[in-house]
Amino acid sequence: MKKRSRRLTAMAAASTITASMLVALSGGVSGTDRAAAAEDPCAAWMDPADSPSERADALVAAMDLDQKLHMVTFSNPSWFFYWGTAGHVSGQPELCIPDLVLSDAGSGVAGFQIATTTFPSGVVQASTWDPRLQRRLGRAIGAEAHLKGINVMLAPGMNIARTPYLGRNFEYFGEDPFLASRTAVSVIKGLQQNPVIADAKHFAVNNQETDRMTVDARVDERTMREIYLPAFEASVKEARVGSVMCAYNRVNGPYACENPTLLTDVLRDDWGFDGFVVSDWGAVHSTAPSANAGLDLEMHAVEIPLPESSVTGTGGRFFGADSMKAALAAGEITQQRIDDMVRNIVRPMFRLGLFEDPVAPGAEPFLRDVTTPERLALAREVAADGTVMLKNRDGLLPLDDASPDGGRTIAVIGWAANPIGASNATAGGGSSHGSGLPPRVVSPLQGILAEARDRGDRVVYVEGSAGVDAELAAAAADVVVVVATDGATEGSDRPDLGLRPSACVAVFCTSLPSRQEEMIAAATAANPNTVVVLDIGGPVRMPWLDDAGAVLVPWYGGLEHGTALAEILYGEREPGGRLPQTFPRDEEQASFDPAAYPGVDDTATYSEGLLVGYRWYDAMGERPLFPFGFGLGYTTFDYSGLDVRRTRQGAVARFTVRNTGDRAGSTVPQVYVSAPRATGEPPRQLKGFTKVRLAPGDSRRVTVRLDRRAFAHWDVDADRWVVSPGRYGVLVGPHSRDLPLSGTVRR
Ligand code: BGC
């Protein structure tokens, strides 16, 4: 087959709660208060009734140069040495500026933080296709962050899964810009319901971990606007994200953190971003070029010169006071630019309430256990709603349907099923990995044991790596649950579509030898009633698929993975997820021209253009192993009666969905638009969806609105989104390759 070418001291706590803050909190200003406020040096910017921009202007006007330069780079102690956070900018109590404390990441408060909830990873969040649930999750993560003394969450990550090998796929929201945008907006809105700034990362075109510190991603403007930027654009315009992290890599030449096209032309001038650009840790390579390009805050791992490293970036501090003063004296940067940088940093701090609700990092919040039963229940809910069921032969699942009275022997097989394995298989590696302390992940084995006990089923466990133990245990059981994992981590791409576990201590992971494919093959061959559970960060090959009875993909399911899994197996919950990424049939179908990925001479040429993910499969007529949007539930649905009407700006699609099975369940009607051929757009693209839950036999008339953007493409010459006049197809169905309803609309 042809190779494709594509692809802030919390205000020294109470002691620094100033008169102005008390005035602000009491909400009114009496005559005596007014006198006190007049003496208060912070009064000019501490009135929440003023706009964030007015407050930022007033604060910057009161700062001297050193106070300003303090804001644009990290403080010592740096990195994890400051209460296990990713870094901080210490507060300036004389100015009432609180600490700015930054921490990873998308699946909960992570890094070296302890006693927090590890929620399911980004890819699970996207797999739920449920904006309300994603927003609740964001809100819960933000709440834990603030309780831990953190007020910038370095999440969410939203880079597009351009290749199935992308090592950080698990942190992101899949291959489609629309799904990634909807997920990002929901998570950010939730996070920022707290006095916490969210961070849209990694801006931009950071789609591989191989050579991530240096690779130049060469991508044409239209592809950038249509595929790689929309999630960031929506994060800025719709969710009003407070910060954006520029990436390690280069984009069309310059490093992302000194890229004026990205950081100024697109982000500020075009989208109207009013927050700050923070560098990825060690992603800064210059002083004036970076500052002038639009970088506001430099972050780094440790303040010692490091050799070039693929994990932490290069050494050096470029935004330190000495460097900045030298650049200022040389006329390379202006005072105006420095003022803007500080304004950009404090504006979202005012807007999101960080001055009114300062954090106080220290031993107490560091040690505090912030998990709650409610948040653990939410983790469980997301884990189940994001689990994708890929196969379920003859209704093998849920188990209760076949034999409600129990009495079965269930063989649980695999390292990833036991508590030690599971602690490594329920979260990806790198900065987003929680410390795992205290160790309290519910493993699949523990989850299944608890459910089985209640129902009178027996459970046997084997580790399975010898193959023969897997075969013997499987052969002797009524039902087999074999659990495998792929150990994906930040800092490296997956070498192939195989299953290769890794063991992590906080953010550091190492790959382990394993024979999980043989284990699955032995179990599925020995017993047709084998449920294969894949705790994976991205697509894997499935040579054993024909023999498997059922396949579940919980991805990295977080602390409550085992409970959610057991509840799915027994039918207390349904697997509610749909794939946010195509699963290729084999390595060959997944492969790239090396110039496109991983790149040659440190350059990855995105020659596939718009044909990313299912767009490529559709354009090439390729049949994937499992298509984008696919996922089974425990009931069946029928789609009918599509009516597409033109609106002033776009269109509205109405159709009926009926639950034709005998269980309550959910489906995700997906709406794809196919543009006239002359536009040069891919065959069809996701432009709307909704999640519908129905009781057996019930039906609902569903409305999905398509805005102007659903019909627009980026016109490079016009330098804007354009809708070409013509007839557009509107296709509706349960996944990208099953779109039974079609209509058209003229635009
Ligand atoms: C990662 C970022 C992370 C930062 C701080 C970097 O290596 O790329 O995603 O937020 O470290 O831990």
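The values are calculated or read from the model by the stated rules, or taken from the named source; none is laboratory data. As the structure is a computational prediction, the values presented were derived from the model and not from experiment. Note that we place each Cβ from the backbone using ideal geometry, even for glycine, and neighbour counts take in every protein chain shown.
Could you name every one of the strands (runs of 3 or more DSSP E) located completely within segment 138-255 that has at least 1 residues being more than 19 Å from Gly599 (Cβ to Cβ)?
Where strands (runs of 3 or more DSSP E) fall fully within segment 138-255 and carry at least 1 residues being more than 19 Å from Gly599 (Cβ to Cβ), they are 197-203, 243-246.
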Exercise. Can Phe178 be described as under 14 Å from the mean Cα position of the chain (by Cα) and either surrounded by fewer than 24 Cβ atoms within 10 Å (Cβ to Cβ) or away from the ligand (no atom under 12 Å from the Cβ) (or both)?
Worked result: yes
Problem set entry | Pair list, Cβ under 7 Å, 6 or more apart: segment 159-171 residue modelled with pLDDT of 95 or more, other residue crowded, with 24+ Cβ neighbours inside 10 Å and among the aromatic types (Phe, Trp, Tyr) | Asn159/Tyr172; Ile160/Tyr228; Ala161/Tyr172; Thr163/Tyr597; Phe170/Trp555; Phe170/Tyr556
Exercise. How many residues are out of contact with any Leu (no Cβ under 9 Å at 6 or more places or on another chain) and either of a type in the set (S, T, N, Q) or surrounded by 24 or more Cβ atoms within 10 Å (Cβ to Cβ) (or both) when one looks only at segment 334-348?
Worked result: 1
Exercise. Any chance segment 685-708 includes a residue that's of a type in the set (S, T, N, Q), touching a Gly at 6+ places or on another chain (Cβ under 8 Å) and not assigned by TED's automatic domain parsing to the domain that holds Glu572?
Worked result: no
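Among the residues of segment 495-512, is there at least one that is in a loop (DSSP other than H, G, I, E, B) and within 16 Å of the ligand (Cβ to nearest atom)?
yes
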For this session: Being buried (at least 24 other Cβ atoms within 10 Å of the Cβ) and within 30 Å of Trp281 (Cβ to Cβ) narrows it down to one of Ala484, Ala416, Ala470, so name that one.
Result: Ala416
Problem set entry | Flag for Ser465 being under 27 Å from the mean Cα position of the chain (by Cα) and among the hydroxyl-bearing types (Ser, Thr, Tyr) | no
For this session: May I ask you to say which residue of Pro98, Pro120, Pro93 is away from the ligand (no atom under 12 Å from the Cβ), under 12 Å from Gly428 (Cα atoms) and not assigned by TED's automatic domain parsing to the domain that holds Thr387?
Result: Pro120
Problem set entry | Contacts under 6 angstrom Cβ, first residue in segment 640-659 being in the same structural domain as Pro725 (by TED's automatic domain parsing) and crowded, with 21+ Cβ neighbours inside 10 Å, partner hydroxyl-bearing (Ser, Thr, Tyr) and not in a strand (DSSP E or B), 6 or more apart | Asn659/Thr635
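Farther than 30 Å from Ala145 by Cα and β-branched (Val, Ile, Thr): is that true of Ile410 in this structure?
Here the answer is yes, as Ile410 does meet what is asked.
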Seminar exercise, completed: Subset of segment 415-452, residues away from the ligand (no atom under 16 Å from the Cβ), of a type in the set (S, T, N, Q) and farther than 12 Å from Ser107 by Cβ, comes to Asn418, Ser423, Asn424, Ser443, Gln446
Exercise. When both residues are 6+ apart or on different chains and their Cβ atoms are under 9 Å apart, which pairs have a first residue that lies in segment 614-631 and is farther than 16 Å from Leu739 by Cβ, and a second that is modelled with pLDDT under 95 and surrounded by fewer than 18 Cβ atoms within 10 Å (Cβ to Cβ)?
Worked result: Met620/Lys2; Glu622/Met1
